[in-house]
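> My structure is below; once you've seen it, I'll send some questions.
The values are calculated or read from the model by the stated rules, or taken from the named source; none is laboratory data. The model shown is predicted, which means the values in this text are computed figures rather than measured ones. Virtual Cβ from ideal backbone geometry, glycine too; neighbours counted across all protein chains shown.
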Amino acid sequence: MVGEQVNRSPRLAAEVVAAGHTVAVHGHRHRNLLRLTPRQIADDLDRARTAIVDTTATSPTLHRAPYGIYSWPAIAAVRARGWTPLLWSRWGRDWARRATPRTIAVKVADNLKAGDVLLLHDADDYSAEGSHERTAAALPRILEAIAAQGLATTTQPGR
């Protein structure tokens, strides 16, 4: 979760937790960690954690870096907080303007393996306009591919 989005939509954040999903910190703002000083990184992580804990009463233990990029100071700050960095193995590139439901599904669902982590986005705040709608339209195809390969989804990474 992005802290500024949790602050903007606290009911939605609480609903996600109530549905049983694991919550990870994605930062307070969606910024490339390579461009931040160690102090800015620490502030961003702490503000995000506070927003998530205060809103959902859940203390995250996972962190996913914006853009999937860690700097050495960022990875040190994440680990100093006891969080586990978590990236992805399949990327739908659903944030791109040219993405379609079909291209998103193909990128994440072709040749899936047990343990793959799929990266998809649920909003347009940091993406091309309408991207979340294309992602939602790709989900039936993705879920069918998962089932066809005898795999299952989980809300708990690592299980």
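> Any chance the stretch 97-110 includes a residue that's buried (at least 17 other Cβ atoms within 10 Å of the Cβ), in contact (Cβ under 8 Å) with a residue 12 or more places away in the chain, part of a loop (DSSP other than H, G, I, E, B) and not assigned by TED's automatic domain parsing to the domain that holds residue 37?
Yes, the stretch 97-110 has at least one match.
So that you can scan it fast, the table gives a plain yes or no per residue for (1) of a type in the set (D, E, K, R); (2) at pLDDT below 90:
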site: 88; (1), (2): no, no
site: 107; (1), (2): yes, no
site: 121; (1), (2): no, yes
site: 129; (1), (2): yes, yes
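> Checking the structure you have, find out if any residue of the stretch 75-86 is farther than 26 Å from residue 154 by Cα, in the same structural domain as residue 117 (by TED's automatic domain parsing), surrounded by fewer than 19 Cβ atoms within 10 Å (Cβ to Cβ) and of a type outside the set (S, T, N, Q). Please lay out each step first, then the result.
At the first step, the residues of the stretch 75-86 found to be farther than 26 Å from residue 154 by Cα are 76-77, 80.
Those left that are additionally in the same structural domain as residue 117 (by TED's automatic domain parsing): none.
For the stretch 75-86, residues farther than 26 Å from residue 154 by Cα, in the same structural domain as residue 117 (by TED's automatic domain parsing), surrounded by fewer than 19 Cβ atoms within 10 Å (Cβ to Cβ) and of a type outside the set (S, T, N, Q): absent.
> Hey, another quick one. Inspect all residues belonging to the stretch 129-139 and state whether any of them is surrounded by 14 or more Cβ atoms within 10 Å (Cβ to Cβ) and in a loop (DSSP other than H, G, I, E, B).
no
> Can you tell me which residue is farthest from the chain's Cα centre (by Cα) among those in the stretch 107-154 that are farther than 19 Å from residue 87 by Cβ and of a type in the set (S, T, N, Q)?
149
> For the stretch 35-52, what are the residues that are surrounded by fewer than 15 Cβ atoms within 10 Å (Cβ to Cβ) and either within 17 Å of the chain's Cα centre (by Cα) or under 16 Å from residue 126 (Cβ atoms) (or both)?
The one that is surrounded by fewer than 15 Cβ atoms within 10 Å (Cβ to Cβ) and either within 17 Å of the chain's Cα centre (by Cα) or under 16 Å from residue 126 (Cβ atoms) (or both): 35.
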